[in-house]
Amino acid sequence: MIPFIINWRAAVRSAVLVGGGDIPGVDIATVTGANKRPYVPATSWKGRLRHTCEAIANALGMLTCTAPDAAEMCPSCWLQRGGGAQVLEFSYAGRDYGPTCPVCRIFGSPWWPSPIRLTDLTFVRHQEGLTRTVDPTLRWQVSISRQTRSASAGRLFVAQVASPAGGPGTIEAAGSITGAVPEEDLLGLLVAGLLSLETLGHARSRGLGWLGPPIIELKVRAKNGEATEEMKTIEDPAAYAEEKLRLLVQRYKPHAAHVPDSG
């Protein structure tokens, strides 16, 4: 296993709405913690990240299963369809897990527990060199009639969001991922997914939850490194991801597509 630590953050460019809260008089409330501050649960972030990694893997011709239906995930889906020969077999610590796609090797499946752990995404506001917590704000929305092209009667909604407009300065979403992956080239897919995250939360088609370019700090320990050995900081995570992703695609040939050069 290849241990790693990833610290991820991105500027929030539009209000983020994560359902799950319950406030009287508010139609859709963002989930908040014990401190009444909004956050994105680790499970929501993980699901969004997994979906992004699946899209990248499929675009490069790598076969993936269909989460979250257990019957459609590794290894069951390949055994039922008879396509297990098209997916690499996976074994660890003397146990055979059958055909397992690269996404399940990172995020887990009903047979293979996820080897990575994600924190909740928290929001912080930066103002004049100071870092502050972010309070939720209310956002009023209306439905527009396609026939009259005006506000529909009785269609006023109130949503609670984490918004950059809720105060001075800028806000960021930040979180971390720790754990270990079976093969180092899988980190290429994980980092590529993190770099490709553009949105968070609900109502993305309405302009909510859009992010700026992510910033990643990546540390990795060598495959045969000692537990006490200090992790190596990757200076250019994007170049590292491209290199490892290319190796991952080569392992999945002849079913994978060519990885285009970044230039």
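Values quoted throughout were computed directly from the atomic coordinates according to the rules given, and no laboratory measurement underlies them. Quick caveat, the model's predicted, so the values are computed rather than measured. Methodologically, a virtual Cβ is constructed for each residue, glycine included, from the backbone with ideal geometry; neighbour enumeration extends over all protein chains shown.
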- Message: I'd like to compare 95-103, 172-180, 111-119: which one has the highest average count of other Cβ atoms within 10 Å, and what's the full order after that?
- Response: 95-103, 172-180, 111-119
- Message: Need the full-extension length gain, residue 176 to residue 138, defined as separation in residues times 0.36 nm minus the C-alpha distance. One decimal, nm.
- Response: 10.9 nm
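Give me the number: length gained by fully extending residue 58 to residue 36, i.e. 0.36 nm times residue separation minus the C-alpha to C-alpha distance, one decimal in nm.
Details: separation 22, 0.36 × 22 = 7.92 nm, distance 3.92 nm.
My answer for the length gained is 4.0 nm.
Which order do the peptides 235-242, 57-64 come out in when sorted by mean C-beta neighbours inside 10 angstrom, highest first? Intermediate values should be presented prior to the final figure.
Working: 235-242: 16.0, 57-64: 18.2.
In decreasing order of mean packing, 235-242, 57-64 become 57-64, 235-242.
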- Message: Can you compute the modelled spin-label distance between residue 119 and residue 148, with each label point 7 Å from Cα toward Cβ, in nm?
- Response: 5.0
- How much length is gained on full extension from residue 43 to residue 1, taking 0.36 nm per residue of separation minus their Cα-Cα distance? 12.8 nm
- With a Förster radius of 35 Å, plug the Cβ-Cβ distance of residue 89 and residue 235 into 1/(1 + (r/R0)^6) and report the FRET value to the nearest 0.05. 0.50
